[in-house]
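One structure is given below, encoded as structure tokens.
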Amino acid sequence: MAQRAFVETTELSAQGRPMRPVDLVHLARQCLGDENLELEILRLFDTTLATYFQRLTLASSFDDLAINLHAIKGAAAGVGAWGVSELAAALETELRDGRPLRHERIEDLAMVVEETRDFIARMLADKEGP
């Protein structure tokens, strides 16, 4: 509960969203306040994010790139990982507009994905204890 209160008082982004990798208030609303469900959702999201990002890095066709970006965007939006969702959406738009995905843009997404996964790992470790 203290983490949720902290998020509410955290500095907000330009979109009015908390600047943490995962919006814990959004996640709590999605899970109707069930903390055990929140943790399970974070575990599943972490696995999903790792899987689809790896597939994205291996993708070479338009369809494979589009499918993986779309999956990352949707999964991230569901849990409130706004940075991941917004960057994946921007890459999806660039791809759809016929612009090739530059390596630097994929690396930008990789950094946000890693930051989000590290945040989730710390949260899960804190909840599970020593």
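Scanning segment 54-92 for residues that are over 8 Å from the mean Cα position of the chain (by Cα) and outside any helix (DSSP H, G or I) turns up Ala59, Ser60, Ser61. If you check Leu58 against the conditions, is it loosely packed, with under 14 Cβ neighbours inside 10 Å, hydrophobic (A, V, I, L, M, F, W, C), closer than 17 Å to Arg117 by Cα and free of Cβ contacts under 8 Å to residues at least 12 places away in the same chain? For Leu58, the condition - loosely packed, with under 14 Cβ neighbours inside 10 Å, hydrophobic (A, V, I, L, M, F, W, C), closer than 17 Å to Arg117 by Cα and free of Cβ contacts under 8 Å to residues at least 12 places away in the same chain - is not met. At pLDDT 95 or above and not hydrophobic (A, V, I, L, M, F, W, C): is that true of Glu128 in this structure? When the stated conditions are applied, Glu128 does not pass them. Put simply, of Phe53, Phe6, Phe45 the only residue that is over 14 Å from Leu124 (Cα atoms), surrounded by 14 or more Cβ atoms within 10 Å (Cβ to Cβ) and either at pLDDT 60 or above or aromatic (Phe, Trp, Tyr) (or both) is Phe53.
Does Ile106 satisfy the condition of being in a helix (DSSP H, G or I) and within 18 Å of Ser61 (Cα to Cα)? Here the answer is yes, as Ile106 does meet what is asked. Taking the stated definitions as given, is Asp97 farther than 30 Å from Glu35 by Cβ and more than 10 Å from the chain's Cα centre (by Cα)? Against the criterion (farther than 30 Å from Glu35 by Cβ and more than 10 Å from the chain's Cα centre (by Cα)), Asp97 qualifies.
Within segment 87-105, the residues that satisfy the criterion of being surrounded by fewer than 17 Cβ atoms within 10 Å (Cβ to Cβ) and either touching a strand residue (DSSP E or B) at 6+ places or on another chain (Cβ under 9 Å) or within 24 Å of Val22 (Cβ to Cβ) (or both) are Ala90, Thr93, Arg105. Summed over segment 23-42, the residues that are exposed (fewer than 14 other Cβ atoms within 10 Å of the Cβ), part of a helix (DSSP H, G or I) and aliphatic (A, V, I, L, M) give a count of 0. Residues that are small (Gly, Ala, Ser) and touching a Lys or Arg at 6+ places or on another chain (Cβ under 6 Å) within segment 56-112 comprise Ser85, Ala88, Ala89, listed in sequence order.
Look through Leu101, Leu109, Leu124, Leu95 and report the one residue that is touching an Asp or Glu at 6+ places or on another chain (Cβ under 7 Å) and either touching a residue at least 12 places away in the same chain (Cβ under 8 Å) or hydrophobic (A, V, I, L, M, F, W, C) (or both). Reasoning before the result, please.
Values: Leu109 fails: touching an Asp or Glu at 6+ places or on another chain (Cβ under 7 Å); Leu124 fails: touching an Asp or Glu at 6+ places or on another chain (Cβ under 7 Å); Leu95 fails: touching an Asp or Glu at 6+ places or on another chain (Cβ under 7 Å).
Criteria check complete, one pass: Leu101.
The values are calculated or read from the model by the stated rules, or taken from the named source; none is laboratory data. The shown structure was predicted, so the numbers you read here are calculated from the model rather than taken from an experiment. Neighbour counts run over all protein chains shown; Cβ positions are idealised from the backbone, glycine included.
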